[in-house]
Amino acid sequence: MIKSLGVLGCGNMASALVKGIWNQKKELSVSCFTPSKTRAELLAKDVQGKVLDSLAELPSHDVWMIGCKPQQFEELAKEIKGKLSPDSIVISIMAGIPTSKIADRLSIEKVVRVMPNTPTLVGEGISLLYMSKSLDQEEAKQIKSMMDASSSVYEFSDEEMIDKLSGFTASGPAYVFEWTRIFANKAMDYGVEEQMAYQMAKELLFGSSKMMMDSPHSPEDLREQVTSKKGITYEALKIFEKDGLEKMTFSAIEAAYKRAKELAE
Ligand SMILES: NC(=O)c1ccc[n+]([C@@H]2O[C@H](COP(=O)([O-])OP(=O)(O)OC[C@H]3O[C@@H](n4cnc5c(N)ncnc54)[C@H](OP(=O)(O)O)[C@@H]3O)[C@@H](O)[C@H]2O)c1
């Protein structure tokens, strides 16, 4: 039974996940560490946890979550190598870094990768999940149930899928925010006042998403319902096709995948 969790790097993403988990599992005892202490204190307050003053000595925990940036991992690994019980499970939320590297740097075997996204901060996130084969069935079941408490979880048995899909689900909110900004910008171009332009754009994306979630129809069918032959939407969609919106989106996701591989080096 997982009873305790240590969080090393309590930034936005790790804090959102841990708060989601703790809200469902209030018996979980949590320790938090960040170099500047401030964010560890904030998270510890929210989950009735403890703050670790340093990494000199680590308490014993069933599970550790690594929530620092990929570029900060080597420094963290040097400080904690040999201090985790060889049997502990490490959940990494770092983009790109493979389980084999984490296991090697920390001298442990049981590594899990979770790739969340920022809507987790408002309880609407999705996370990709991969668990190394060294977890036994019961441990895997408990980790999956723990992560289910934080977001909608999509599990893959091929670790490569985490890197391939990160540019879709983890980076995806940035694309949606960018599209919202672009819509608002065009409305402002036409003379709409800024606050109203942003509100219109946000409601457009929110309403369309809600419709997709609630409707039994596919996004293609819903698109067709808006698109009368030779109507105004038809003209607009022809531009997306001519200028290659799909190709551009595929290229963006592939560029993110390439970057994930670079971060692994
Ligand atoms: N943002 C996203 O949408 C997203 C999505 C999926 C995955 N991720 C992954 O989530 C991770 C964190 O991203 P974030 O956006 O939450 O970043 P963040 O808010 O900047 O948080 C990073 C945290 O790591 C801490 N840290 C820095 N160096 C450390 C060290 N040596 N040891 C322990 N902790 C250390 C920082 O401490 P201080 O507070 O003291 O600076 C900070 O609390 C990244 O690896 C990223 O790849 C992010």
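The values are calculated or read from the model by the stated rules, or taken from the named source; none is laboratory data. Nothing here was measured: the structure is a model prediction, and the numbers come from that model. A quick note on method: Cβ atoms are made from the backbone with ideal geometry, for glycine too, and the neighbour counts reach across all protein chains shown.
Considering only region 206-255, state which residues are in a helix (DSSP H, G or I) and among the β-branched types (Val, Ile, Thr).
Those that are in a helix (DSSP H, G or I) and among the β-branched types (Val, Ile, Thr): Val226, Ile232, Thr233, Ile239, Thr249, Ile253.
Can you tell me which of (1) more than 9 Å from the ligand (Cβ to nearest atom); (2) under 24 Å from Gly20 (Cβ atoms); (3) not polar (S, T, N, Q) is the one Glu109 doesn't meet?
Single failed check for Glu109: (2).
Only one of Thr118, Thr38 is under 30 Å from Met161 (Cα atoms), polar (S, T, N, Q) and assigned by TED's automatic domain parsing to the domain that holds Met161; which?
None of the others qualify; the one that does is Thr118.
Going residue by residue through region 243-260, is there one that turns out to be modelled with pLDDT of 95 or more, among the aromatic types (Phe, Trp, Tyr), within 16 Å of the ligand (Cβ to nearest atom) and under 25 Å from Asn117 (Cα atoms)?
yes
Scan region 93-106 for residues that are within 16 Å of the ligand (Cβ to nearest atom) and on the phi < 0 side of the Ramachandran plot and jot them down.
Of everything in region 93-106, those that are within 16 Å of the ligand (Cβ to nearest atom) and on the phi < 0 side of the Ramachandran plot turn out to be Ile93, Met94, Ala95, Ile97, Pro98, Thr99, Lys101, Ile102, Arg105, Leu106.
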